[in-house]
Amino acid sequence: MRSRDSYAEPYRIKMIEPIRQKDRQAREKLIKEAYYNLFNLKAEDVYIDLLTDSGTSAMSANQWSGMMIGDESYAGCDNFYNLRDAINDIFGYSYVVPTHQGRAAENILMSMFVDEKQDVIGNMHFDTTEGHIRLRKANPVNLVINEGLDPELDHPFKGNINLESLEKTLQDNGPERAPLIIMTVTCNSNGGQPVSMENMREVSVLAKKYKRPLIIDAARYAENCYFIKHRESGYADKSIRDIAREMFSYADGCTMSSKKDALVNIGGFLAFKDNEDWYEDAVQIQICYEGFRTYGGLAGRDLEALARGLYEGTEEDYLEDRIGQVYYLGGKLTEADVPIIKPVGGHGVFVDAARFLPHLPQTKLPAQALAVELYREAGIRSIELGTSTFGYTNPETGEEVYPPQELVRLAIPRRAYTDRHMDMVAKAFEGIAERKSNINGLKIIYQAKILRHFTARYEML
Ligand SMILES: *Cc1c(COP(=O)(O)O)cnc(C)c1O
């Protein structure tokens, strides 16, 4: 990775969106009125919004001009063919099924392949993927390597799947019980950690041996390719596009949430390398849930922005700057003695709230407390990935079940903020660090039965 001070952003700013920091008194009032749940805040009350990198990218002049030539014909619009050609070119896949988001592509895929009581094996499924597997009454099986679950261990490819466990699972349960193998690149659920080319190649050998379809969840494939280029031997001189082409050649198809590495605000797709029968099956479901085969729930202009964004997402200087910025924030926080998950992933920095606020036990929701404090301190919005999100109340015993980690994720939108915004984030942590032993915990006073973190209400202890 190039040193961050040897280059500047590979773009200049044509249009700006004003943001304002409310004063501390206003922030105190707003967060209290939001029941200490950051999802309840209005965006205009947030100064720097690091809630998610999904759909929050700034589009380029090239993408915006593409939107002006959106062809809104119901069938056969030009922009569909541009998208199909882009996917053909970058991924090497012939059949393209546009959808309104990544999860819609997952819905089509799972409806086609997955039946009750089957096991869908992956390195680590994203939560909507897991949701679709469970909706079909099947089981998500996560076989990420052990190193991938150790927050303090520095390992270049923490998104890799454990190949021995994969083969053993296929043999022990019989391959027919596994309708799909899904590799998520980068692996979102353990912090945006990459999968190596070698691992992908080996998975494809096993998938072929046991005749199982291998699908890539490609939301952050370009960031994954960047890590391969910089960390895996033999790839330093290859282009991101060549690396992507090789990676996708090992799989039979992919789903993509275009709201990540395709630099658009909405959209997704399902694509297959060469299986026309799968494609025709997919279109049947697409027509019922999304729309006709050439638009799939998107406007022509969205298809065009997506086709152009896919190319921009693979540009080397863009990726260098993008990942460089995530590492810049990671470095600043490390300098300030804020404990973070290492190595830093592709799309954000994960702060270990349990280590940062050791006086708060899990019962007092340390990660939520830190996320609230970050808003109070500077109007910065992050997301809790700890007890609120992954813990639950056991419906039979009424006991709380706690997750292994208490994390606060600072997800960085693409091309939207500058390093000076990152400096403000680091400064906020420095301010919090000075008085962190006085930070109080929280308790949940209202929760929904599933996905409680979106709507939960809290009270300060
Ligand atoms: C965001 C995401 C999805 C779901 O995509 P949406 O566009 O939000 O529906 C699936 N997989 C991964 C890895 C993701 O990050």
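For this structure, a couple of remarks:
- Compared with the dominant Cα axis of the chain, that is its longest principal axis, helix 221-231 is turned about 80°.
- GluC sites (Glu not before Pro) within the range 114-152: DSSP coil, no more than 11 neighbouring Cβ in 10 Å: E116, E152
- Packing, taken as the mean count of other beta carbons within 10 Å per residue, orders the peptides 61-71, 422-432, 183-193 from highest to lowest as 183-193, 422-432, 61-71.
- Distance distribution note for the range 61-312: the fraction of Cα pairs above 22 angstrom is 52%.
- Residue by residue, the range 321-327 carries 3J(HN,Hα) couplings of 5, 4, 6, x, 5, 4, 5 Hz when phi is fed to the Karplus relation 6.51 cos²θ - 1.76 cosθ + 1.60 (θ = phi - 60°); x denotes Gly or Pro.
- Between 0 and 90 degrees, the angle of helix 163-173 with respect to the longest Cα principal axis of the chain falls at about 70 degrees.
- Peptides 224-234, 197-207 ranked from most to least packed, by the mean per-residue count of other Cβ atoms within 10 Å: 224-234, 197-207.
- Extension gain (nm, one decimal) between Y74 and E9, 0.36 nm per residue minus Cα-Cα: 19.5 nm
- Here the range 305-371 and the range 122-143 have alpha carbon centers that stand 24 Å from each other.
- Accessible area per residue in Å² at 1.4 Å probe, computed on the range 1-153: 55
- The alpha-carbon of K273 sits under 25 angstrom from the alpha-carbons of these lysines, leaving out residues fewer than 8 places away in its chain: K208, K209, K211, K229, K238, K259, K260.
- Cα centroid separation, the range 395-450 to the range 207-224 (Å): 32
- Under Stokes-Einstein, with the Kirkwood radius over Cα pairs as Rh, the value for the chain at 37 °C and 0.692 mPa s is 144 µm²/s.
- Shown in residue order for the range 271-276 are the 3J(HN,Hα) couplings computed by the Karplus curve 6.51 cos²θ - 1.76 cosθ + 1.60 at θ = phi - 60°: 9, 10, 5, 8, 8, 5 Hz (x for Gly and Pro).
- Among the GluC sites (Glu not before Pro) found in the range 44-107, those both in a DSSP coil and sparsely packed, with 14 or fewer other Cβ atoms within 10 Å of their Cβ, are E72.
- Acute angle (nearest 10 degrees) that the helix 366-378 long axis makes with the longest principal axis of the chain, alpha-carbon atoms: 70
- If the segment from R201 to E152 were pulled out straight at 0.36 nm per residue, it would be longer than the present Cα-Cα gap by 14.9 nm.
- Averaged over residues, the count of other Cβ atoms within 10 Å places the peptides 290-297, 434-441 in the sequence 290-297, 434-441, highest first.
- Amide H partners (placed H, <5 Å) of V120, local residues excluded: N139, V141
- Distance between the pseudo-spin-label points of E400 and K32 (7 Å out from Cα toward the beta carbon): 2.3 nm.
- Cβ-derived FRET efficiency at R0 45 Å, S65 paired with Y210, nearest 0.05: 0.45
- Share of alpha-carbon pairs per 5 Å distance bin for the range 15-170, given as whole %: 2, 7, 9, 10, 12, 13, 14, 14, 10, 6, 2, 0
- In the chain, the portion of solvent-accessible area held by carbon and sulfur atoms comes to 49 percent [1.4 Å probe, whole percent, DNA, RNA and ligands not counted].
- Inter-label distance for S437 and D23, nm, one decimal - labels placed 7 Å from Cα along Cα-to-Cβ: 3.2
- Phi-based couplings in Hz for the range 390-396 (Karplus 6.51, -1.76, 1.60; Gly and Pro marked x): 10, x, 7, 9, 5, x, 7
- Near N37, the amide H atoms lying under 5 Å from its own belong to Y458; only residues 5 or more places off or on other chains count, and H is placed 1.01 Å from N.
- Where a label projected 7 Å from the Cα of I445 along Cα→Cβ would reach, residues of the range 30-64 with amide N under 16 Å: 30-38, 40
- The chain - share of DSSP beta bridges that are antiparallel (%, nearest 5): 65
- Of the trypsin sites (Lys or Arg not before Pro) found in the range 107-171, those that fall in a DSSP loop while having at most 10 other beta-carbon atoms within 10 Å are K117.
- Of the residues L153, F350, N107, the one whose Cα sits farthest towards the positive end of the charge dipole of the chain is F350 (charges of +1 on Lys and Arg Cβ, -1 on Asp and Glu Cβ, taken about the Cα centre).
- Distant-in-sequence amide H partners of G441 (H built 1.01 Å from N, under 5 Å): L461
The values are calculated or read from the model by the stated rules, or taken from the named source; none is laboratory data. No experiment lies behind these values; they were computed from the predicted model shown. Cβ atoms come from the backbone with ideal geometry, glycine included; neighbour counts cover every protein chain shown. SASA here: full protein model, heavy atoms, side chains in, ligands and nucleic acids out. Shrake-Rupley method; radii C 1.70, N 1.55, O 1.52, S 1.80 Å.
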